[in-house]
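Shown next, in structure tokens, is the structure this report addresses.
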Amino acid sequence: MINNWKKNVVLFLLSQTLSLFGSSLVQYAIMWYITLNTKSGVMMTISIICGFVPTFFLSPFAGVWADRYNRKILIMLSDAFIAIATLLLAILFLLGYDSLGLLFVMSAFRAIGSGIQTPAIGAFIPQIVPEDQLTRVNGINGSIQAMVMLISPMLSGALLTMATIETIFFIDVFTAAIAVLVLLFFLKVPAHTKAQNQEKIDYFKDLQAGIIYIRNQAYVRKFFVFCAFFFFLVAPVAFLTPLQVTRSFGEDVWRLTAIEITFSVGMMLGGVTMASWGGFSNKVFTMTLSSFVIGICTLALGVVSIFWLYLLIMGIVGIAIPFFNTPSTVLLQEKVDPDYLGRVFGVMGMISSSMMPLGMLVFGPMSDVIQIELLLIGTGFLLFIQSFFLIGSKDLVEAGKPKGRIS
């Protein structure tokens, strides 16, 4: 594995880039379709909840599967499942069943695939990447994802003006099929040790063991508490900014495209920086810097009234994201016992898939009666204050130091 790790990483990132590209096209098409046709915070909230709730229920079991089964197979099956759901959506739209309700249902089906895939990917990467290269590879992966997020909104916006939404659905099916074939025929990686053991699986026993492991690791437990509050408070800046732009700056598709492009360029720059620099020697310091910046910028997005300045702040937020995502992912990949890695990422997915919709349940309806700018000012201030939790936690700061696994 060590001799071929670069080849394996290239093949894996290629397949996931293709899959992400198609999914991003569909994601933007659905989001903008709902935004432009309803201009409703409630409708946006329903769409977001449908895209997260299945992940919440599946993540604990998906984490067990990622620890017990071949992770490459799980990634392939989830990609195929998402492609089939999207194909059905395209066919139904072509037949004239182009209702918002159908988009909500299909978003839920696509979320099922994502819920299975996410912990499997998080646990699979350390299988093919040497530990001392995890930060670099995760940084490169973040840059690639940002590049895809840069291209996909432009292409999605262009396609929406020149073709039908069904065209975008079919592109996603095609890219997912190629991604699956790349993993199937070219990426030769043996299953991890636990997956090779033909033991009978007791899901609830394995899940309980994972929860006990997390509870006994103070740094994991405290990090998850931070993430729960962070994901709740970040919901307005993550999901309501397109609606804010539509209401405050204009309904033009190019404006929605512009904020996504600026954000993606920022993420790409942040990912490149993390891949080359690697962050502070203590990963928690890098995460804290990111959290401070995101809080300040969220507050600023609620204050500025000039669109080009709004775009600049969105770009800074994009730069800050990899400074949190990369070291936090590597922290778990390096420190967590490999036998529990899938379950830890599964619980992480459970937190993110529950707290962001919960945030939208609160902030989405509020956005129809309160200015989104006020919501951004309030949550931005709270995000800034919460950042002190990271730097003030002795367990997290200790875990962030560059040394071996904590057990």
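The values are calculated or read from the model by the stated rules, or taken from the named source; none is laboratory data. Here the structure is a predicted model, which is why all the values come from computation and not from measurement. Cβ sites come from the backbone with ideal geometry, for glycine too, and all protein chains shown count toward neighbours. SASA here: full protein model, heavy atoms, side chains in, ligands and nucleic acids out. Shrake-Rupley method; radii C 1.70, N 1.55, O 1.52, S 1.80 Å.
Between Leu94 and Glu251, take the C-beta separation as r, use R0 = 22 Å, and let me know the FRET efficiency to the nearest 0.05. Taking R0 as 22 Å, the efficiency between Leu94 and Glu251 is 0.20. A crude spin-label estimate for the pair Ser276 and Thr164, with each label 7 Å from Cα along the Cβ direction, gives 4.6 nm. Rounded to the nearest 20, the Cβ-based charge dipole of the range 230-363 about its Cα centre (Lys and Arg +1, Asp and Glu -1) stands at 160 debye. Computed from phi, the 3J(HN,Hα) profile of the range 124-129 under the Karplus parametrisation 6.51, -1.76, 1.60 (θ = phi - 60°) reads 6, 4, x, 5, 10, 10 Hz, with x in place of Gly and Pro. Between Gly380, Gly96, Gly302, the GNM of the chain built on Cα springs shorter than 10 angstrom shows Gly96 fluctuating the most. Within the accessible surface of the range 88-186, defined with a 1.4 Å probe on protein heavy atoms only, the carbon and sulfur portion equals 74 percent. When trypsin sites (Lys or Arg not before Pro) are flagged only if DSSP places them in a loop and at most 15 other Cβ atoms lie within 10 Å, the longest unflagged stretch of the chain comes out as 201-402. Label-to-label distance, Leu102 versus Ile151, with points set 7 angstrom from Cα along the beta-carbon direction: 2.9 nm. Taken per residue, the accessible surface of the chain reaches 42 Å², heavy atoms only and a 1.4 Å probe. The HN-Hα couplings worked out from phi for the range 212-219 by the Karplus form 6.51 cos²θ - 1.76 cosθ + 1.60 (θ = phi - 60°) are 5, 4, 4, 5, 7, 9, 4, 5 Hz, whole numbers, x standing for Gly and Pro.
Once the C-beta distance of Phe186 and Ser305 is scaled by a Förster radius of 60 Å, the resulting FRET efficiency is 0.70 to the nearest 0.05.
Fully extending the segment from Leu312 to Phe229, taken as 0.36 nm per residue of separation minus the present Cα-Cα distance, adds 27.3 nm. Calculate the length of the line joining the C-alpha centroid of the range 303-329 to that of the range 1-71, in whole Å. Answer, in whole Å: 21.
Evaluating 6.51 cos²θ - 1.76 cosθ + 1.60 at θ = phi - 60° for every residue in the range 258-274, the Karplus couplings come out as 4, 5, 5, 5, 4, 4, 5, 4, x, 4, 5, 5, x, x, 4, 4, 5 Hz, glycine and proline recorded as x.
The magnitude of the dipole of the chain, with charges of +1 and -1 set on the Cβ of Lys/Arg and Asp/Glu and taken from the Cα centre, is near 980 debye.
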